[in-house]
Amino acid sequence: MSSPSSVFVITSALLAMGTIVGFLAYVVIRYSPIVERIFEEKPMFLPLRVAPVAGGEDVRFSTRDGLSLAGTYFPARTDYRSGVVVFCHEYLSNRWSFQPYADHLRDQGFDLFTFDFRNHGESPKDPVYNPLQWVTDHEELDLQAALTYLRTRSDADPAGVGLFGVSRGAGTALCQASKDPRVWGVITDGAFPTRGTMLAYILRWAEIYVGNPLFWKAVPVGVFDFLGMAARLKTERKLHCRYANVERAVARLAPRPWLSIHGQKDAYIGVDIARALFDRGGDPKELWIVDGAKHNRCREKQPVAYQGRVAGFFRDNAPRGQPIRDLEAKVAVTEASSFTEIPVPADLGVVVPG
């Protein structure tokens with residue numbers, strides 16, 4: 001028979017749990033629609049557009065879910081090949097935007113492969129998916145298909161590929177690199193996580209939507225994180241996608257080297273968000289914060305240094321013919337133990353997360 005004291009303890013615990021559950025339910029019901037609108041709102045901006053150039057091989061390759069994506073393979077402008085680099089463009093741009101970011105790599109001995117994500121450029125529209133600025137499983141499928149295609153080419157590099165991604169393309173590159181041992185290095189410009197970015201936005205706007213500063217400042221951060229998760233799950237069902245966990249991908253990226261580039265004046269993805277994402281990764285890694293640069297504008301702020309950093313990273317980290325089995329062995333050992341300038345017109349518009 002239970003004593004009165006034990007009954008009191010159990011009753012108190014149940015009341016506390018009920019209060020917590022009720023509070024969380026209230027927060028989700030009251031504020032989840034607001035966060036959902038944030039998730040689903042498309043940013044208004046002019047993405048980078050660059051005219052197509054000749055000299056590449058236009059190809060088509062298929063995704064696992066049956067789309068035929070458009071890509072172009074550009075050979076190096078040297079009499080030797082240092083490696084192959086795959087370019088992942090930003091949201092609402094297309095494959096030709098590789099030029100101001102990476103075309104100079106062809107003079108360093110690198111072949112370049114650039115492609116249009118689904119619903120972009122010359123790639124077809126997905127009948128059930130309307131892409132946003134967030135990385136989802138659909139973008140991962142597209143990049144996975146691109147890497148699979150490259151391995152089928154007669155001139156495939158047995159050492160694998162390096163990845164270069166911008167904004168949403170940067171997050172996609174990180175996610176795929178964490179899973180594919182044939183990726184030997186990653187450069188990202190303006191990378192951002194879905195979860196971390198939305199939590200930062202929720203905390204930034206909490207005072208506006210909650211109204212009572214004493215209330216929202218007293219709420220644990222975990223409650224806002226739970227709110228973001230609930231909103232993500234609802235929008236995933238509505239938009240027929242799954243948001244990628246970029247933070248987890250970064251934690252699993254090592255031993256692949258990573259150069260993260262970010263604008264110091266990025267008003268959309270603050271430096272604190274970029275640093276928090278970077279801190280999740282293991283070595284070797286390097287974070288370059290470009291003074292005075294806005295989102296996706298680092299190459300314009302310091303064009304010479306930008307080209308030098310990008311070329312130097314790929315030159316230093318390209319395996320140059322290292323057999324794939326050696327790289328896979330390194331990845332397996334690490335995961336088991338730790339798991340851890342081409343000028344661009346100034347009137348291209350303001351770039352925001354993509």
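Below are the figures for this structure:
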| quantity | calculated |
| --- | --- |
| The one condition in (1) of a type outside the set (Ser, Thr, Tyr); (2) closer than 23 Å to TYR306 by Cβ; (3) within 17 Å of the chain's Cα centre (by Cα) that ASP103 fails to fulfil | (3) |
| Residues that are in contact with a strand residue (DSSP E or B) (Cβ under 7 Å, 6 or more places away or on another chain) and either modelled with pLDDT under 95 or farther than 20 Å from VAL246 by Cβ (or both), drawn from segment 116-133 | ASP116, GLY121, GLU122, SER123, PRO124 |
| Selection count where residues are assigned to a helix (DSSP H, G or I) and crowded, with 23+ Cβ neighbours inside 10 Å, scope segment 173-196 | 5 |
| In segment 97-148, the residues that are aromatic (Phe, Trp, Tyr) and surrounded by fewer than 21 Cβ atoms within 10 Å (Cβ to Cβ) | TYR129 |
| Any chance ASP111 is in contact with a Lys or Arg (Cβ under 8 Å, 6 or more places away or on another chain) and not in a loop (DSSP other than H, G, I, E, B) | yes |
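The values are calculated or read from the model by the stated rules, or taken from the named source; none is laboratory data. Since the model is a prediction, treat every value here as computed from it, not as a measurement. Using ideal geometry, Cβ is built from the backbone for each residue, glycine included, and neighbour counts are taken over all protein chains shown.
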